[in-house]
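Bear in mind that the values in this text are calculations on the coordinates, not laboratory data. On a predicted model such as this, the values are computed, not experimentally measured, just so you know. Every residue, glycine among them, receives a Cβ derived from its backbone with ideal geometry; neighbour counts consider all protein chains shown.
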Amino acid sequence: MTDKSHMPRPHRDYAEWSGDRFRRWAAEKGEHVLAVADAILRSRQVEQQSYRTCRALLALGERHGWGELEETCAKACEISRSPSYKTVKTILARMAEEAAADPDAHAFVRGAGHYEDLG
């Protein structure tokens, strides 16, 4: 038996991964994130083969925000009964492109009256 205290930290973290743990993490982020994580975990004959993909899904939330990930996962669930990481990543990229296409999306636009008072 391996003494976990002798393992490097990343190996210890990986040894503690389980399908239930990923489902709990995903459930904390939203019902659709959970649905996608569950679909990913069920997509392989050996559940452990999907752990890295689940970790990558959660990393998308860390990178783009949990609200965005939940919204993206909801769209992925509408498209497919068994959504994949690739589907979520593609939808997220398209949403980012659409947001970037609108140059005034995050602009602070002052009304014409603002400049009249400056003189």
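Each of the peptides 32-38, 78-84 was scored by the mean count of other Cβ atoms within 10 Å over its residues; in descending order, highest first, they stand as 32-38, 78-84.
Distance between the modelled labels on GLN49 and TRP17, one decimal in nanometres: 1.4 nm (7 Å Cα→Cβ projection).
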